[in-house]
Amino acid sequence: MSYDQSKLTPPPYYGGGYSGGNSVTSQTNAVMKRVYVRMFIGLLISAFCALGVASSQAAMMFFFGNQIVFWGILIAMFAMAILIPVRMMKMSTGTVLALFLVYSALMGVWLAPIFIAYRIGTIVYTLFITAGTFGAMSVYGYFTKSDLSKMGSYLMMALFGLIIAMVVNIFLKSSTMEWVISIVGVLLFVGLTAWDTQQVKRLSAANLDPALQDKLATMGAMNLYLDFINLFLFLLRIFGGGRD
């Protein structure tokens, strides 16, 4: 969910006929439209993959009953989350987009067990709450005049702290700590949604090269996609309770 502006912001580019505030605004809006469309496509891919795997006992056994496959998916997702931002400038726009779509599919497979752990009504209910919350915070991040950069630094530190707490609770198995983690997780990704939206908006106004715009759109989509997924999962822990 973080942006390395030294890698994502190229030297000034004055070609392509862009000039004036209106051109910058239209350029920003065009990039943001691609961001949200690609994010939505990624979410659809994840949903279909999750439903497909969850509806097949054989698929569930293959992905979650086989330790090699299970850890292979986890490692692949972790590697791609690092590789895509780091290598983005050296990859083609098509490759960056393809990797994001593959990542979305793997995430969908990883999320398949929620359809077994939670009732479908709870999942749909939580999904609507997530969509509303995410939408409100993304709109805020886009239109606010406040600089959220400093808030972003604190949010990233909080994210690392949250990850450590989650790892610790794997061993403690404390229900109280899990509840606190879920509340903090919701607040954290609500803030990150606004911050990531503002970040990609600012970068889209600075990057004028068409190829860089397209890569930025994909990376913005991936970051907001991850904000949405994590917000959904933490809310699901709060509103869930599992099947009877």
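The values are calculated or read from the model by the stated rules, or taken from the named source; none is laboratory data. No experiment lies behind these values; they were computed from the predicted model shown. Virtual Cβ from ideal backbone geometry, glycine too; neighbours counted across all protein chains shown. Heads up: the accessible areas ignore ligands, DNA and RNA and are worked out on the full protein's heavy atoms, side chains in. Shrake-Rupley method; radii C 1.70, N 1.55, O 1.52, S 1.80 Å.
General remarks:
- Residue within region 215-230 that is outside any helix (DSSP H, G or I) and more than 21 Å from ILE123 (Cα to Cα) present: no
- Residues being of a type outside the set (Val, Ile, Thr) and surrounded by 14 or more Cβ atoms within 10 Å (Cβ to Cβ) - total across region 53-75: 7
- For region 168-181, the tally of residues that are surrounded by fewer than 10 Cβ atoms within 10 Å (Cβ to Cβ) and assigned to a helix (DSSP H, G or I) stands at 4.
- Any hit, region 101-120, residues being more than 23 Å from ARG237 (Cα to Cα), touching a Lys or Arg at 6+ places or on another chain (Cβ under 9 Å) and open to solvent by less than 60 Å² (accessible area, probe 1.4 Å): yes
- Matching residues, region 182-217, being open to solvent by less than 10 Å² (accessible area, probe 1.4 Å), within 16 Å of ILE229 (Cα to Cα) and over 16 Å from the mean Cα position of the chain (by Cα): SER182
- Considering each residue of region 218-237 in turn, at least one proves to be open to solvent by 20 Å² or more (accessible area, probe 1.4 Å) and more than 13 Å from the chain's Cα centre (by Cα).
- Filter pass, LEU235 being in contact (Cβ under 8 Å) with a residue 40 or more places away in the chain, closer than 17 Å to GLY42 by Cα and among the aliphatic types (A, V, I, L, M): no
- Taking residues in region 143-164 that are modelled with pLDDT of 90 or more, and partners anywhere that are surrounded by fewer than 16 Cβ atoms within 10 Å (Cβ to Cβ) and not in a helix (DSSP H, G or I), the pairs with Cβ atoms closer than 9 Å and at least 6 places apart or on different chains are MET156/SER2; LEU159/SER2.
- Test: residue in region 121-136 that is surrounded by fewer than 20 Cβ atoms within 10 Å (Cβ to Cβ) and more than 16 Å from PHE239 (Cα to Cα): yes
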